[in-house]
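The values are calculated or read from the model by the stated rules, or taken from the named source; none is laboratory data. This one's a predicted model, so the numbers in the text were calculated from it and none came from an experiment. When we count neighbours, we look across all protein chains shown, and the Cβ atoms used for this are built from the backbone with ideal geometry, even at glycine. The accessibility values were calculated without ligands, DNA or RNA, using every heavy atom of the protein model including side chains. Shrake-Rupley method; radii C 1.70, N 1.55, O 1.52, S 1.80 Å.
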Amino acid sequence: MKLDLTLNGRAVSDDVRPDLTLLEFLREHGCLSVKQGCGTANCGLCTVLLDDVPVLSCSVLAVRANGRAVVTLEGLQEEASAFVGFLADQGADQCGFCNPGMVMNTIALLRENPDPSDDEIRAYLAGNLCRCSGYEGQLRGIRAYLDSRKE
Amino acid sequence: MMTIRDYVMAESLEQAFALNQKKGSRILGGMLWLRLSSTPITTAIDLGALGLDTIEETEDAFSIGAMARLRQLEQHPGLNAYTQGAVKDALGSIVGVQFRNLATVGGSIFGRFGFSDVLTVFLSMDTEVELYQGGVLPLTDFIRQKRDRDILTRLIVYKKPGRFVYRSMRAASTDFPVLTCAVSRWDGVFRAAIGARPMAAVRVEDETGILPEAVTEEAAAAFGEYVAARVKTAGNLRGSAAYRTHLVKVLTTRAALALGGMHDET
């Protein structure tokens, strides 16, 4: 099937199988930050923005992205760089496997709610699983970034 | 692994319904559960271009398109004002924001899933289901129907003045619920919707007037016993039937107390 979409700001066209997932499509097009974790829509590792909304690319058919805009971490380097250092300062990256999904969803959170409370951060990131850190490092890192913006 | 031979973006409900009559066809909702299925799909039918993704509010009702996402419901000011936050409480524990940006209310309701928070909370309201072929019927009737090849097009929630409280028990946050409970009062009647029994949700009405309008602790506990006696539960990996029946009492009592404006320990 013919698929036309905007990927990280550039037009992309391809012929795809009807059952190809957006995750598979993105990896085939060089977006290796998008990874498959659980494969059951539970871990948040494959988070991308579809028309600016965070979704699980493992559960979206590539053909459903036809005519839409997809953004992966590769397309958000500048926005991400503003706060990933704060995560690293807290030792929140550890093995790093969950980081792309966590960063993508944090960007979505901060676009939607630029000054979230700790409970709002926890609630928004509840769909991003991390098996290293226990989540407190990520929370401290995001909080430190938000506090730095107020200084 | 899910396989799809053909994908069709439906241009009309008529076309979608006709395609869906063929064995092997499937209507696509959010696809969160469908993609875990190993059943081959001959024709995947997408309703995404039919304008079914809106929530319209009038003076008397909400009209919720089948393709509205759970996140839309969770964030809808009118729906949450009407239910005093019960919709947000019900949906906010479902996996994560990214999941709820995909999952559709139509998929959740049409599936009549035993684990559904969505079904439970809407069952506590005066809700009707609109089917393309079957017309409009109460959600309480729809739940009892066998799955067929009709298409759910929207939910209609009548804004009966009322109060609503939602509670659930989960072994871990964002996991499937062990039990769901929504207690409401509208048209002067208290109701408890119980889901994740683990079968599809059911609704019990306070037909004998156990709960007075000014809820007391004793009356709330009695209502919990009353509901537990009328709701069949079963066991699975998440809990035994006896545990679930105990949870029916506890959550119903707590929700009734909260409905009455009293401390519910949650």
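Please work out which residue is nearest to A:Gly30 (Cα to Cα), limiting yourself to the range A:43-60 and to residues that are at the interface with another protein chain (Cβ under 7 Å from one of its Cβ atoms) and not in a loop (DSSP other than H, G, I, E, B). Among them, the one singled out is A:Thr47. Residue check: A:Asp93 meets all listed conditions (1) assigned to a loop (DSSP other than H, G, I, E, B); (2) among the acidic types (Asp, Glu); (3) more than 14 Å from every other protein chain (Cβ to nearest Cβ); (4) more than 16 Å from the chain's Cα centre (by Cα) but one, namely (4). For beta carbons closer than 6 Å, sequence separation of 6+ or different chains, a first residue in the range B:66-80 that is within 11 Å of B:Val105 (Cβ to Cβ) and a second that is charged (D, E, K, R) and in a helix (DSSP H, G or I), the qualifying pairs are B:Leu70/B:Arg100; B:Arg71/B:Arg100; B:Glu74/B:Lys88.
Just one of B:Gly92, B:Gly96 is within 30 Å of B:Cys181 (Cβ to Cβ), open to solvent by less than 50 Å² (accessible area, probe 1.4 Å) and free of Cβ contacts under 8 Å to residues at least 60 places away in the same chain; which is it?
Working: B:Gly96 fails: free of Cβ contacts under 8 Å to residues at least 60 places away in the same chain.
Among B:Gly92, B:Gly96, only B:Gly92 is within 30 Å of B:Cys181 (Cβ to Cβ), open to solvent by less than 50 Å² (accessible area, probe 1.4 Å) and free of Cβ contacts under 8 Å to residues at least 60 places away in the same chain.
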